[in-house]
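Visitor: Below are the structure tokens for one structure; questions will follow.
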């Protein structure tokens, strides 16, 4: 049986797959990441392709393409983005429900995200909060707050200092007692006895600046994400490396964490969340303590994560300029409720 996808680098076989649909392209993406090889250096041969395969390959950065059976729509899409693939047979269309759901006006990034969600490969989980009441003594902070987020959705919650943003995140983490209401993550109540088994699904990046010189390396901070997980030494090392490469923290691995800049620390903290396989990432004022360059880097990093790993991301901030530049949906927290 001939493989459905073959990738070669400088004429040498790099990757093959017998998978169906578009899964081989997702597998190729992981193989490139694990091997630190750019897809632009590969010659990729696919058995059949249309707009979906074209969008995927363009998003990954593949430039040298040969498709045995190629649809005219797929060819037009490749050419529209400056690539002329090779082919053996050109057909009017490919009979596939996915092809019917895509449009030539979509960007490669939009196609990639659509396909990853359709493939069930998003890293995110749904969030459901209903009529949440939380307070400190007689002081009510969250007053009947409700929120729904789909898996892989991003949301910014804006609010002034003391509006309850951090209290909301602490409630989601199960660190803040709930007076009334409910929080369900991935369909399960965080107040249920079984939730402790799934706490790894939640990653948290706090706003505080580490000021001490505790002797811990960036690698060890990322490795915290593996706490409580049974992983062989080689497997753990691979997970740390992949997470660090995804966030650009790989060159920092052996540096003391306290010596890193604010932006570098956020790279490491996000890598820890990825190493943890966190499916909901909560960010508490992540741009605090960052200079202009660090804020720009963090913005690019979050944008990249939302396009590739696609976790559910809930970010709270009062930094209007930075969150506006990020361009994600926003809601305001006022009077203990979301507006």
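Visitor: Give the residue, chosen from 184, 170, that is within 28 Å of residue 307 (Cα to Cα), part of a strand (DSSP E or B) and assigned by TED's automatic domain parsing to the domain that holds residue 328.
Guide: On the way: 170 fails: part of a strand (DSSP E or B).
Testing whether each residue is within 28 Å of residue 307 (Cα to Cα), part of a strand (DSSP E or B) and assigned by TED's automatic domain parsing to the domain that holds residue 328 leaves just 184.
Visitor: Could you pull out the residue among 249, 278, 244 that is within 15 Å of the chain's Cα centre (by Cα), crowded, with 19+ Cβ neighbours inside 10 Å and either over 20 Å from residue 166 (Cα atoms) or at pLDDT below 85 (or both)? Break it down stepwise before answering.
Guide: On the way: 249 fails: within 15 Å of the chain's Cα centre (by Cα); 278 fails: either over 20 Å from residue 166 (Cα atoms) or at pLDDT below 85 (or both).
Exactly one residue qualifies, and that residue is 244.
Visitor: Let me ask something additional. Surrounded by 21 or more Cβ atoms within 10 Å (Cβ to Cβ), assigned to a helix (DSSP H, G or I) and in contact with a helix residue (DSSP H, G or I) (Cβ under 7 Å, 6 or more places away or on another chain), is that true of residue 297?
Guide: Numbers: surrounded by 21 or more Cβ atoms within 10 Å (Cβ to Cβ): no; assigned to a helix (DSSP H, G or I): yes; in contact with a helix residue (DSSP H, G or I) (Cβ under 7 Å, 6 or more places away or on another chain): yes.
So residue 297 does not fit the description; no.
Visitor: Taking the conditions exactly as written (touching a helix residue (DSSP H, G or I) at 6+ places or on another chain (Cβ under 6 Å), over 17 Å from residue 43 (Cα atoms) and in the same structural domain as residue 11 (by TED's automatic domain parsing)), does residue 102 satisfy them or not? Quick ask: steps written out before the conclusion?
Guide: On the way: touching a helix residue (DSSP H, G or I) at 6+ places or on another chain (Cβ under 6 Å): yes; over 17 Å from residue 43 (Cα atoms): yes; in the same structural domain as residue 11 (by TED's automatic domain parsing): yes.
The answer is yes for residue 102.
Visitor: Just the residues that are under 14 Å from the mean Cα position of the chain (by Cα) and either surrounded by fewer than 23 Cβ atoms within 10 Å (Cβ to Cβ) or not assigned by TED's automatic domain parsing to the domain that holds residue 299 (or both), please, taken from the range 252-275.
Guide: Those that are under 14 Å from the mean Cα position of the chain (by Cα) and either surrounded by fewer than 23 Cβ atoms within 10 Å (Cβ to Cβ) or not assigned by TED's automatic domain parsing to the domain that holds residue 299 (or both): none in the range 252-275.
Visitor: Just the residues that are touching a residue at least 24 places away in the same chain (Cβ under 8 Å), surrounded by fewer than 15 Cβ atoms within 10 Å (Cβ to Cβ) and within 15 Å of residue 186 (Cβ to Cβ), please, taken from the range 131-150.
Guide: Passing the criteria: only 150.
The values are calculated or read from the model by the stated rules, or taken from the named source; none is laboratory data. Only a predicted model underlies this, so the values are computations on that prediction, with no experimental measurement involved. Every residue, glycine as well, gets a Cβ built from its backbone with ideal geometry; the counts of neighbours run over all protein chains shown.
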